[in-house]
Amino acid sequence: MTPIPLAEKTQLPTARDFYASDELFLNDEEKMVRDSARQFVKTELLGRIRAWDEGSLAPYAKGEDLTRDIARKIASSLSLFGATLPDLGKYVGESDFIPMSPAAYGAAMREIEYADTAVRSLASVQSSLGMFAIYSFGSEEQKKKWLPSLYRAEKLVCFGLTEAQGGSDPANMQTRAEKTSGGWILNGGKVWITNGFADVAVVWAKTDEGIRGFLVEKGTPGFSTRHEVKWAMRAGTASSLSFTNCKIPADNLLPKTVAKPGQDLKCFLNCLSEARYSIVWGAVGAARACVEEAVRFSQERILFGEPLAAKQAIQSKLVWSLNETENANLVAIQLARLKAAGKLHYAHISLAKYNNVDKAISVAQRCVDMLPADVFTFEAYDSGRHLRNMQIVKKYEGAHEIHALVVGRAITGVSAF
């Protein structure tokens, strides 16, 4: 047998997937999901995202219209929402449901965040927070009512947990639900809620017996929202939710959130673990977009008679950024392996978010440093937007410092909370 020359077996590595991890790790079905997500991003997002981030929403009248339309397109093109939930086909129709492995789902989230964090966040909230909560803790009636329309993005769901007085200490929440003869009376508020205009909100509140989850439908008397103006994740909508003597039916309690004090925290923490898994993959996509943009610019920009890429300082920054991005991708892949094997612990996810988001910020910053001054405008480059967006991701769904404490407790057995 004649050995194949080395040059015919290998390919020159590129800035996207330098180690060819997808080729070696993803199976054919998972690659199809990745490619579909990549094509969706190219067709629906990349040409418009800078304008949306600036606030030019055309052809949409308002941010809610933009989010709802993109969600419907994600559902119809990618069948992404709830795709990792076992037996979801029982509720949405077996012929319609396309299950995904953790790796396929993660790769799709990575490709979506290559375009923008806000779009990945809307997908993650719909799927990993809202649908996961209803699927995991809801009654059969609740699942049948909501899961089909959420799967197809005919309706949207938001997740109301964070409160102004201490998002990192959810046990200190002030929102309360008082039991009455006909149901529950809800009072309190939630902040920084992605897609707060949604058709139904999964709201966590204290009761006399512990923290419980409730479904609060849009338009319920006493339930109001206020949209926030923010300087990052501008292509999405974040809102404050307010509940003033908001009466909800007894049937809107998520029955499987009924647990003993101390155990009740696990319900919403399980939801957060699902969403944080998406973040780990998404951060790779954001970092990758910045690296590729900086590489292209360095090749095209002529400075003192030669390409900027010919400068040693530039190549050093590019290689550092590539290295951290590829390492983060390997972390995401390992999480997918653990998840598929049923061995994924929340501390694994905490360390992965701690690493991947922080490294994505550092990568984005270095890429911004390599780009010209108009990187700080809305229309010229993407790296500045990714840098802004990832700063929020470092704080939400578990602040960077809190994830360090989670991992510290796991390896020492001692809590520093």
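Listing for the model above:
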read-out	value
Segment 322-392: radius of gyration and largest Cα-Cα distance (Dmax), Å	14.9, 47
Accessible-area order (highest first, 1.4 angstrom probe) of the listed residues VAL125, VAL331	VAL331, VAL125
Sequence of TYR354, TYR114 from largest to smallest accessible area, 1.4 Å probe	TYR354, TYR114
For the chain, Cys with no neighbouring Cys Cβ under 4.7 Å	CYS158, CYS246, CYS267, CYS271
Accessible area (Å², per residue) of segment 234-329, counting only protein heavy atoms and a probe of 1.4 Å	43
Sites ALA373 and LEU338, calculated FRET efficiency, Cβ-Cβ separation with R0 56 Å, nearest 0.05	0.80
Cα-based Rg and Dmax for segment 130-196, where Dmax is the largest Cα-Cα distance (Å)	14.0, 35
Proximal lysine pairs, segment 1-110, alpha carbons under 29 Å, eight or more residues apart or interchain	8
Contour minus Cα-Cα distance for THR43 and GLU228 (0.36 nm per residue)	63.7 nm
Mean Cα-pair separation over length for segment 354-417, i.e. relative contact order, pairs under 8 Å, 6 or more apart, %	30
Relative contact order [Cα under 8 Å, 6+ residues apart], the chain, whole percent	17
Compactness index (Cα Rg / 2.2 N^0.38 Å), segment 52-105	1.46
Average projection area in nm² (convex hull over Cα atoms of segment 158-202, one quarter of hull surface)	3.6
Cleavage-rule hits (trypsin sites (Lys or Arg not before Pro)) in segment 61-93: DSSP loop, at most 16 neighbouring Cβ within 10 angstrom	LYS62
Chain lengthening between SER77 and ASN187 when straightened (0.36 nm per residue, less Cα-Cα)	35.7 nm
Equivalent-ellipsoid semi-axes of segment 149-258, from the Cα gyration tensor, Å, largest first	22, 17, 12
Calculated from backbone phi, Karplus (6.51, -1.76, 1.60) coupling profile of segment 306-320 in Hz, x at Gly/Pro	8, x, 4, 5, 7, 7, 4, 4, 5, 4, 4, 5, 5, 5, 4
Cα Rg over Rh - segment 85-145, Kirkwood	1.01
Stokes-Einstein D in µm²/s, Kirkwood radius over Cα pairs - segment 204-277 at 20 °C with 1.002 mPa s viscosity	148
Carbon plus sulfur fraction of accessible area for the chain, probe 1.4 Å, in percent	54
For segment 211-355, diffusion coefficient by Stokes-Einstein and Kirkwood Rh (Cα), 4 °C, 1.567 mPa s, µm²/s	66
Range of Cα positions in segment 1-137 per principal axis (Å), largest first	63, 40, 22
Over the chain - Rg/Rh using Cα atoms and the Kirkwood inverse-distance radius	0.99
Extension gain from LEU303 to ILE402, taking 0.36 nm per residue of separation minus the Cα-Cα distance	31.2 nm
GLU209 versus LYS179: modelled label distance in nm, points set 7 Å from Cα along the beta carbon direction	0.5
Cα-derived Rg over Rh, computed across segment 57-158 with Rh taken as Kirkwood radius	0.96
Loop-located trypsin sites (Lys or Arg not before Pro) in segment 208-273 whose Cβ has at most 14 other Cβ within 10 Å (DSSP)	LYS230
Long-range tail of P(r) for segment 280-417 (Cα pairs > 18 Å, %)	59
Whole-Hz couplings from phi, Karplus 6.51/-1.76/1.60, listed for segment 267-284; x for Gly and Pro	4, 6, 5, 5, 5, 5, 4, 4, 5, 5, 4, 5, 4, 4, 6, x, 4, 5
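The values are calculated or read from the model by the stated rules, or taken from the named source; none is laboratory data. Keep in mind the model is a prediction, meaning the values are calculated, not measured. Cβ sites come from the backbone with ideal geometry, for glycine too, and all protein chains shown count toward neighbours. Areas reflect the complete protein model, heavy atoms only, side chains present, ligands, DNA and RNA absent. Shrake-Rupley method; radii C 1.70, N 1.55, O 1.52, S 1.80 Å.
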